[in-house]
1. Using the structure shown, decide if residue 357 is over 18 Å from the mean Cα position of the chain (by Cα) and touching a residue at least 60 places away in the same chain (Cβ under 8 Å).
2. So which residues in segment 107-152 are among the polar types (S, T, N, Q) and either buried (at least 24 other Cβ atoms within 10 Å of the Cβ) or in a helix (DSSP H, G or I) (or both), if there are any at all?
3. Which residue, of 340, 290, is farther than 30 Å from residue 460 by Cβ, among the hydrophobic types (A, V, I, L, M, F, W, C) and out of contact with any helix residue (DSSP H, G or I) (no Cβ under 7 Å at 6 or more places or on another chain)?
4. Tell me, which helices (runs of 4 or more DSSP H) wholly within segment 370-477 include 2 or more residues that are in contact (Cβ under 8 Å) with a residue 40 or more places away in the chain and not hydrophobic (A, V, I, L, M, F, W, C)?
5. Please indicate, with yes or no, whether at least one residue in segment 302-320 is small (Gly, Ala, Ser), within 26 Å of residue 29 (Cα to Cα) and modelled with pLDDT of 95 or more.
6. How many of the residues making up segment 198-210 are more than 8 Å from ligand 1 (Cβ to nearest atom) and farther than 10 Å from residue 226 by Cα?
7. Do we find that residue 255 is crowded, with 18+ Cβ neighbours inside 10 Å, of a type in the set (Asp, Glu) and within 28 Å of residue 198 (Cα to Cα) in this structure?
8. Kindly provide the set of residues from segment 228-282 that are farther than 22 Å from residue 33 by Cβ, β-branched (Val, Ile, Thr) and touching a Gly at 6+ places or on another chain (Cβ under 9 Å), ordered by number.
Amino acid sequence: MSNQTISLEGIDNVDDFVLENEEEEDSISRTHLHQLVTKANKAFRQNRFEEAISCYSRAINIKPHHPIILGNRCAAYLRIYQFLVHRPPSDSEYRPLSGLDPTIHAGLALKDADKLINLQSDSVKAHILKADALILLQRFELAHDVVLSGLHINPSSTHLQNLARMTSTTVGRNNHEITIRSDDFDCTVCLKLIYEPVTTPCGHSFCRSCLFQAMDRCNRCPLCRTILFISPKTCSISVTLNNIIQKNFPEEYAERKLEHENLTIMGADLLPLFVMDVVLPFQKLQLNIFEPRYRLMVRRIMEGNRRMGMVTIDSTSGSVADHACEVEITDCEALPDGRFFLEVEGRRRCHIIENWDQDGYRVAEIEWIQDICPAEGTEERLDLQDTIQKAEAYAKSWMRTAQEAAQGDQVRLAQLHKAEELMPTTNDPEHFSFWLATLTNRRPSERLDLLRMRDTIERLKRGLIYLKAEEQFCRVQ
Ligand SMILES: [Zn+2]
Ligand SMILES: [Zn+2]
């Protein structure tokens, strides 16, 4: 029986997400989960299965054992298999898919279906999905057994009856069953197939990320407690072991890789957050990372795009502020004791739509913001040009006065010279306005205001007020 002619059952639609009233979860992550699954379901119903899978996977990272999310992702894997097998070859010239081989999708569907059966052994849907996946993998005999167990739960299920008819005709033709693997290749920290294996001097192997996450808390082997003198920087992956795993368990390996990538390469609208202080675009600073949760975050960022959001706690609300600045890690030094010494530089501003906890640190869904630039020829545009020229002239004279006043104070003088060197051109009004407003030291609440503003003129005027106030203050003294 060719896979082209197989019709699967029970995957035309997905289930809507139901919010359970679980007290231990905070409502923010619950709402976020709900939105993720709703987005995924919408993508599924519009046949955008890759997008659906990516959203379901993000939801599963937050809540790993939710039957509806697992079942829906499983259905999406099955649908993408069918989609890939059925689409004409010419399509790939227009829209190549980044995705995996169809068989791997079927294998991933099987994994989800298995998890679902472990969670709900009496679920008819779980049996249908598992049978579907087994059929795509051409394991008809096993599929037939699963269908029969499903029929014990609900003999009148039409889906199961159809599957029973289909599998009974093929049983006996195909005895080539893949053997189930033992747990010899499991990591004892995460209990999953080892991903990027690292072998310690005491001879134990773990996922690279699991080992160093355990070592954030204490530098001993998680299994035998031997003290270890290794660091992520110097420690390499066991190539042979990695090859063996990849060759023997391609589906599971692909799933582990996906899981890992979901943590290191976040979507364009997701940002891990370092909660400390307000950072402004173009600002440079140095950070010393010692908390275990942030060490984990930095390792993941360094494997991804080297960017994170810096944000403060808003003193008025007591929670993470509504605006953050994306910083790029321009230099990262891993110290022998596991700490990181970072140099970062502020890049873009963003508005935080919501944020939730992931492995101890905050992750936010964000939208990028920038100043609203008035159109060429408008009165606002002329006003902006006028304001920035005045601001530039004032800043230059302020700088001269400040340097004269600082004669004899070498530290202050060096600061002023540095600031003068960094003065941007007035062709980039937004950049100039941030430079101007931070010539004097500003309180966190003032910097947060500057971050939130989207009107360049307003920020320029604010900067001028700050400079004049300081000049006044100096004269009084
Ligand atoms: Zn592991
Ligand atoms: Zn050990």
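The values are calculated or read from the model by the stated rules, or taken from the named source; none is laboratory data. All values reported here derive from a predicted model rather than from experimental measurement. Please note: Cβ atoms are built from the backbone with ideal geometry, for glycine as well, and neighbour counts cover all protein chains shown.
1. For residue 357, the condition - over 18 Å from the mean Cα position of the chain (by Cα) and touching a residue at least 60 places away in the same chain (Cβ under 8 Å) - is not met.
2. 118, 149, listed by residue number.
3. 290
4. 379-405, 429-437, 444-452, 456-476
5. yes
6. The total comes to 6.
7. Against the criterion (crowded, with 18+ Cβ neighbours inside 10 Å, of a type in the set (Asp, Glu) and within 28 Å of residue 198 (Cα to Cα)), residue 255 qualifies.
8. Scanning segment 228-282 gives a single hit, 279.
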